[in-house]
Amino acid sequence: SSPLIENRGQLIVFEGLDKSGKSTQSQKLKEALLKDGQFVDLWSFPDRNTKLGDVIDSYLNKRLELDDRSIHLLFSANRWEKVSKLIKLLESGTTVITDRYAFSGVAYSAAKGLPLEWCKQPDVGLPKPDCVIFLQLSPEAGAKRNGFGEERYEKTQFQNKVLEQFMQIKDESWKIINADQNMEDLHQEIYKHIKSLKKEELKRLWEKD
Ligand code: 2DT
Ligand code: MG
């Protein structure tokens, strides 16, 4: 492959239901790749530290009510406001790991009953992840983990619907991993998979090629 492809950073996305271990595992992967000498940035979506992110945070904490389509578009806009920085980082050789991305955007809104195809449209053209690590945990197991139940969406019945939607949108770039295992074993499985990825040209999400 060309030097440009060889030297670019990878975009690695963690997806999964609430409390599936995304934050812990994305942090552990970052540390492992840093140890290998790579440049790595760890992001999360929604990014609650922007003006749009502040509105999203109010919505998630139930201080604000918004129409389902309106909040869907805000989540997407919260990704688009960071895209130029994301592309710059990838092109300059930094691997970017994100805790959630457009797949959460689609799965959570479609679980409310919005049409799946409508939900995908605002995120068409975002950088396509080199890999999506999907941490699979039953909603019932997630509910037993600490901190579940405080924010909007953290209800077992709704989580089951979100899981169904995630399974509708997965593709060949997804690696589905059983998250109901010891933290260290889970990390090793993820790390091995990431190390096995081949470097390819950066593609765009949900565009016909
Ligand atoms: P965290 O608990 O991971 O901060 O997520 N969500 C997230 C959406 O509905 N749409 C999106 O585009 C994204 C990125 C998932 C907070 C909640 O926000 C949901 C859980
Ligand atoms: Mg949460």
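Here are a few things to note about the model shown:
- Output for the range 138-150, where each listed residue is within 14 Å of ligand 1 (Cβ to nearest atom) and surrounded by 14 or more Cβ atoms within 10 Å (Cβ to Cβ): Pro139, Gly142, Phe148
- Scanning the range 142-171 for residues that are more than 13 Å from ligand 2 (Cβ to nearest atom) and closer than 24 Å to Pro115 by Cβ returns Gln157, Asn160, Lys161, Leu163, Glu164, Gln165, Phe166, Met167, Gln168, Ile169, Lys170, Asp171.
- The range 11-28, residues that are more than 13 Å from ligand 1 (Cβ to nearest atom) and closer than 21 Å to Leu126 by Cβ: Leu11, Ile12
- Out of Thr95, Thr50, one residue alone is of a type in the set (Ser, Thr, Tyr), away from ligand 2 (no atom under 14 Å from the Cβ), in contact (Cβ under 8 Å) with a residue 12 or more places away in the chain and closer than 23 Å to Ile133 by Cβ. It is Thr95.
- Residue pairs whose Cβ atoms lie under 9 Å apart, separated by 6 or more positions or on different chains, with the first residue in the range 177-192 and hydroxyl-bearing (Ser, Thr, Tyr) and the second surrounded by 16 or more Cβ atoms within 10 Å (Cβ to Cβ), are Tyr191/Lys28; Tyr191/Leu29; Tyr191/Ala32; Tyr191/Leu33.
- Check on Phe14, of a type in the set (A, V, I, L, M, F, W, C) and within 16 Å of ligand 2 (Cβ to nearest atom): yes
- Any hit, the range 72-83, residues being away from ligand 2 (no atom under 15 Å from the Cβ), within 15 Å of the chain's Cα centre (by Cα) and surrounded by fewer than 13 Cβ atoms within 10 Å (Cβ to Cβ): yes
- Filter result for Ser26 (assigned to a helix (DSSP H, G or I), among the hydroxyl-bearing types (Ser, Thr, Tyr), surrounded by 13 or more Cβ atoms within 10 Å (Cβ to Cβ) and in contact (Cβ under 8 Å) with a residue 60 or more places away in the chain): yes
- Criterion (near ligand 1 (Cβ under 10 Å from one of its atoms), farther than 19 Å from Lys192 by Cα and in a loop (DSSP other than H, G, I, E, B)) met by exactly one of Arg63, Arg48: Arg48
- Being free of Cβ contacts under 8 Å to residues at least 24 places away in the same chain, more than 30 Å from Asp36 (Cα to Cα) and more than 19 Å from the chain's Cα centre (by Cα) holds for only one residue in Gln121, Gln157, and it is Gln157.
- Considering the conditions (1) surrounded by fewer than 22 Cβ atoms within 10 Å (Cβ to Cβ); (2) closer than 24 Å to Gln159 by Cβ, Glu6 is excluded by exactly one of them, (2).
No value in this document is a laboratory result; all are computed from the given coordinates. Since we're looking at a predicted model, the values are computed, not measured. Counting neighbours? That spans all protein chains shown, and the Cβs are built from the backbone with ideal geometry, glycine included.
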